[in-house]
Amino acid sequence: MTASIEQTRQTVTDLIYDRLYRQVIENDLPPGTKLSEAEVARKLGVSRQPVRDAFYRLSQRGFLLVRPQRATLVSPISVEAVMQALFIRTALEAATVTAAAEMGTDADFAMLDGLLDNQRKAVEADDRMGFHRLDDALHHRICALAGHDYAWTLIREHKAHMDRIRFLSLSFTAHDALAEHRDIVSAIRARDAHAAVAATRHHLSRIAASIERIHEDNPNLFDQDQE
């Protein structure tokens, strides 16, 4: 019985987390928005505990500022945090694509091809959130097939602000991102580790180029203390 209750609670927390994550990423909950556990619980028809758990997870990812005895706020985008995440991610993924080029099997390549095809469909449908999730799925899968699934866990823990930039940039970079994913997979399939690393570095470097454009269009999204 206890396991069943815990599983149900975890499922509710996941749903709340996913809903709020999407709202922050899509700027439906812009920086500075106040959030109340009680109000979110009331709107969703759930108890406060799974909301509290979801808030904690979001704060750990950098999306929320949870302040004792004060309002919980949606955090601004930190350019410094984006660049730190980019450094960590580039270093780890350069290593994982190298290993993937050495270890990948035909079954692995078929799975990556399937993810690329679904990404193509998402681009054609202008489904940015769908593409964003499939983007993560592809990079995660490469880490896993390289035997370094834990690397994705480290990346995920640091990339919250990067996610927000990545999503906003998809309005003008989705087609390029898909082409770059194809280049990475092609290099891995060809077992060309050097080309895989170069393609990965080029792909991830796009985030730095996107920041200036997004900041120009949406300065209110960013941490003003870093300007």
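Derivation of every value follows stated rules applied to the coordinates shown; laboratory data play no part. Note that the coordinates shown come from a computational prediction; the quantities given were computed from them, not determined experimentally. Methodologically, a virtual Cβ is constructed for each residue, glycine included, from the backbone with ideal geometry; neighbour enumeration extends over all protein chains shown.
Tabulated data
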| item | result |
| --- | --- |
| Helix-only [θ]222 nm of the chain, DSSP H runs n ≥ 4, -39500 (n - 2.57) each, per residue, nearest 500 | -26000 deg cm²/dmol |
| Spatial separation of Cα centroids for the range 91-159 and the range 174-227, in angstrom | 14 |
| Cα-based radius of gyration of the range 79-226 once divided by 2.2 N^0.38 Å, which approximates compact folds | 1.02 |
| Computed lengthening from residue 136 to residue 91, 0.36 nm per intervening residue step minus Cα-Cα distance | 14.5 nm |
| Exposure proxy order (Cβ contacts within 10 Å, fewest to most) of 162, 129 | 129, 162 |
| FRET efficiency estimate (nearest 0.05) - Cβ-Cβ, residue 192 to residue 107, R0 25 angstrom | 0.80 |
| Cleavage-rule hits (trypsin sites (Lys or Arg not before Pro)) in the range 174-227: DSSP loop, at most 16 neighbouring Cβ within 10 angstrom | 191 |
| Residue 64 long-range amide H proximity, modeled H, under 5 Å | 59, 75 |
| Amide H partners (placed H, <5 Å) of residue 222, local residues excluded | 77 |
| Protection proxy ranking of 71-78, 39-46, 115-122, 163-170 - average other beta-carbon atoms within 10 Å, highest first | 163-170, 71-78, 115-122, 39-46 |
| Residue-count net charge about residue 36 - beta-carbon cut-off 12 Å; Lys, Arg +1, Asp, Glu -1 | +4 |
